[in-house]
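Here's the structure we're looking at; comments come further down.
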Amino acid sequence: MDRRTALKLMASLPLAASASARAKPARASRRPPEPSGRFPTIFLAHGAPPLLDDAGWVGELNRWARAMPRPTSILMLSAHWVEAPITIGATTSVPLVYDFHGFPQRYYQVRYPAPGAPDLALRVRGLLAGVEETQDQPARGLDHGAYVPLVAMYPEADVPVLQISLPTLEPERLLEVGRRLAPLRSEGVLIIGSGFLIHNLSALRAGGSAAVPGWAKEFDAWTAETLPRRDPEELLSYRARAPGVQLALPTHEHFVPVVVAKGAALDEPVQFPITGFAWGPMTKRSVQFGI
C-alpha cells in the first residue's frame with residue numbers, strides 16, 4: 001500500500017467508534033508561563049487530518065496542553081519536513097501546507113493563523129551556530145504534522161509557532177540538536193517533536209477496533225521501557241535493538257523527532273500522557289520529558 005492509498009483509507013475510516021462527528025476542541029486555558037524553571041519537551045503522535053474528527057483524541061491532546069504551563073512560543077519539528085541544512089520556516093503567518101492527497105475538501109479548508117516567532121528564529125540560529133548550518137524559507141507554512149495537533153491543543157491559534165526542519169534521520173546528530181536547543185526550555189518555549197513511534201502505512205487496518213499485531217505491541221512496549229532511561233544508548237541504537245523495528249518503521253522520519261525531544265531533556269523524568277493504538281498498529285503513544 002503506497003502513501004496516497006493509505007491516506008485515502010485514513011480519510012474514509014473513523015479513528016474510533018465514537019468519532020462520527022467532528023470534534024470541537026475545548027479552549028486551552030490562558031495560563032501564564034511559569035516565572036522560573038524549565039518547560040517540558042514533548043513528542044506527540046500527530047495523526048492524519050481526520051484526527052480532528054476524533055473527539056476522544058482531540059480531547060486527550062487538549063487536556064495535555066492545559067495540564068502544561070502555557071508557552072510563550074512553540075518550536076515544532078515535524079516528520080513531514082526533512083531538509084538539510086536545518087531550515088527555518090515562516091516567521092510570519094503564512095498559508096498552511098496541505099501535504100496530503102485524496103481527502104474531502106473540508107480538510108483543505110482548515111486554517112491555523114498562529115503568530116510567527118521571529119525572535120525565536122533568531123534564538124535558534126544562535127544556539128545552533130557552529131554546530132548546524134541553518135537557512136531560511138520564509139514562505140514555508142506549517143505542515144499537517146504541525147498544525148493538526150496544534151488545532152487540538154491550542155485551538156485559538158494565539159501562541160507563536162516556529163517550525164524548523166529535521167536536517168537528518170541519524171539519531172546521534174538529532175540528539176545533539178536537541179541538546180543545543182535545550183536552553184529554550186528556560187525561556188518559555190515548548191519544543192515539540194511530531195511524528196509516530198510506529199509508522200507502517202501498509203499495515204493499516206479498517207475500523208477503530210482493528211486488532212493490534214504482536215510486533216506493534218512489542219515495539220510500543222520497548223519504547224515505553226527505553227524512553228525513560230537517562231542513558232540514550234539504547235534509543236540511539238533502536239534500528240538494531242528494538243523488537244519488530246523493520247515492520248514498525250519501514251522508514252524512519254516519523255520516529256526520529258522523539259530523539260530531538262529526548263536530547264533537550266536527557267535527565268528529566270518521562271511520562272506518557274496519551275497511549276493506545278489507531279488503525280491497528282499505529283501507536284498513539286506520546287511522550288512528555290520533564291514536568
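Observations, loosely collected:
- Relative contact order of the chain, defined on C-alpha pairs under 8 angstrom at six or more residues apart (%): 28 percent
- Per-residue Cβ neighbour counts within 10 Å put Val110, Val256, Val270, Val148 in the sequence Val110, Val270, Val256, Val148, beginning with the fewest.
- Per-pair calculated FRET efficiency, R0 = 25 Å: Glu172 and Asp267 via Cβ, rounded to 0.05: 0.90
- In the chain, helices alone account for a calculated mean residue ellipticity at 222 nm of -8500 deg cm²/dmol, with every DSSP H run of four or more residues adding -39,500 (n - 2.57).
- The trypsin sites (Lys or Arg not before Pro) of the stretch 174-261 that DSSP puts in a loop, and whose beta carbon has at most 11 other beta carbons within 10 Å, are Arg230.
- If R0 equals 35 Å, the separation of the Cβ atoms of Leu122 and Arg205 corresponds to a calculated FRET efficiency of about 0.15.
- Annotation for the stretch 106-162: chymotrypsin sites (Phe, Trp or Tyr not before Pro) lying in DSSP loop with at most 10 further Cβ atoms inside 10 Å of their Cβ do not exist.
- Of all DSSP beta bridges in the chain, antiparallel share, percent nearest 5: 35 percent
- As computed over the chain, the Cα convex hull volume per residue (Å³): 112 Å³
- Residues His101, His254, sorted so that the one with the fewest Cβ neighbours within 10 Å comes first: His101, His254
- Only Lys, Arg, Asp and Glu carry charge here, each on its Cβ (+1 for the first two, -1 for the last two); on that basis the stretch 3-289 has a dipole of about 780 debye about its Cα centre.
- Lys/Arg +1, Asp/Glu -1 at C-beta; the chain dipole; positive extreme among Ala129, Ile291, Gly102: Gly102
Bear in mind that the values in this text are calculations on the coordinates, not laboratory data. Note that this is a predicted model, so its numbers are computed, not measured. FYI the Cβ positions are ideal-geometry reconstructions off the backbone, even for glycines, and counts take in every protein chain you see.
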